[in-house]
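One structure below.
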Amino acid sequence: MRSLKSLRYQPFVSGALVLVNVIVFALCAFSGNRLYEMGRLDAYDVLTNKEYGRILWAIFLHGDFSHLFNNMFILFFLGAMIEKEVGHIRYVSLYFISGIGGNLISLLAKAVTNDYSASIGASGAIFGLDGVLLAMVLFSKKKMENVTPVRVLLMISYSLYSGFVGQNIDNAAHVGGLAAGFLAASVLCMLQRLKYKRSVR
């Protein structure tokens, strides 16, 4: 029983997500631009050609090794911490809600501004994990060691600043992912609080 309980706290999902992203990146390296053309997020293909799968597939595509490494480094360590707190199923749900939410906001921004550029990457989902962490430190009954609202807000502020001063960055996806992760995790925390209150009555 003890060994099974310890397995519950292992970051299986975070590790699997990193592995899938690495495999997809390797496949992209051998297939040239084919997988990028099939999965990149752009308003024309999604909204006009109705290729809605791009909203999901773009999360697994990365432009170069640096792009992949930076995202996967944050994904594994931040994701492992959150996965331990919320569990495997809730964690993967929050991850994809964040990534898809970020890409939907990116599409909206592209459509409004007539932006025909394409974007790829897991950064919207990873910003969503920042939002999840913020919701947890604000609303969850569990206390996370050395994690405070001020520290999380400083981390988010720096990440957003780096995006806005950088080039070829889909900041709409970052903001959208952050908002989606925060809202989804806030709802989760509120439901857990209600469940706890009912159990102690």
Check which residues have an amide H placed less than 5 Å from residue 61's amide H, if you skip close sequence neighbours. 121
Rotationally averaged projected area of the chain (alpha carbon convex hull; nm²): 13.3 nm²
What dipole magnitude, in Debye to the nearest 20, does the stretch 22-108 give about its Cα centre under +1 on Lys/Arg Cβ and -1 on Asp/Glu Cβ? 120 debye
Would you please name the trypsin sites (Lys or Arg not before Pro) within the stretch 49-104 that are DSSP coil residues with at most 15 other C-beta atoms within 10 Å of their C-beta? 50
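In debye to the nearest 20, how big a dipole does the stretch 81-178 give about its Cα centre with +1 on each Lys and Arg Cβ and -1 on each Asp and Glu Cβ?
For the stretch 81-178, the charge dipole is close to 340 debye.
Please identify every one of the chymotrypsin sites (Phe, Trp or Tyr not before Pro) in the stretch 120-195 that sits in a loop by DSSP and has no more than 16 other beta carbons within 10 Å of its own beta carbon.
Here no loop site has a sparse enough neighbourhood.
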What is the gain in length, in nm to one decimal, between residue 22 and residue 115 on full extension, counting 0.36 nm per residue of separation less the C-alpha to C-alpha distance? 30.6 nm
Additional length obtainable on full extension of the chain from residue 9 to residue 64, 0.36 nm per residue less Cα span: 16.6 nm
Projected onto the charge dipole of the chain (+1 at Lys/Arg Cβ, -1 at Asp/Glu Cβ, origin at the Cα centre), which of 187, 161, 126 gives the Cα projection farthest towards the positive end? 187
The chain - percent relative contact order, Cα under 8 Å, separation 6 or more: 25 percent
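Quick one: in the stretch 49-130, what % of C-alpha pairs are over 16 Å apart?
Details: 1798 of 3321 pairs.
The proportion of pairs with Cα distances above 16 Å equals 54 percent.
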Under a Gaussian network model of the chain whose springs join Cα atoms within less than 10 Å, the largest fluctuation of 125, 16, 135 belongs to 16
For the pair residue 191 and residue 84, what calculated FRET efficiency results from E = 1/(1 + (r/R0)^6), where r is the Cβ-Cβ distance and R0 = 22 Å, to the nearest 0.05? 0.70
Which of rounded, prolate or oblate describes the stretch 132-201 when judged by the alpha-carbon gyration tensor and an a/c cut-off of 1.5? oblate
Degrees, to the nearest 10: 88-112 long Cα axis against longest axis of the chain: 40 degrees
With axes computed from alpha carbons, what is the tilt in degrees of helix 12-31 against the longest principal axis of the chain, rounded to the nearest 10 within 0 to 90? 10 degrees
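Would you mind working out the magnitude of the charge dipole of the chain relative to its Cα centre, with +1 at each Lys and Arg C-beta and -1 at each Asp and Glu C-beta, to the nearest 20 Debye?
For this selection, approximately 1440 debye.
FYI, it's all coordinate maths here, none of it is from the lab. Remember, predicted model here, so these are calculated numbers, not experimental data. No Cβ is skipped: glycine too gets one built from the backbone with ideal geometry, and neighbour counts run over all protein chains shown.
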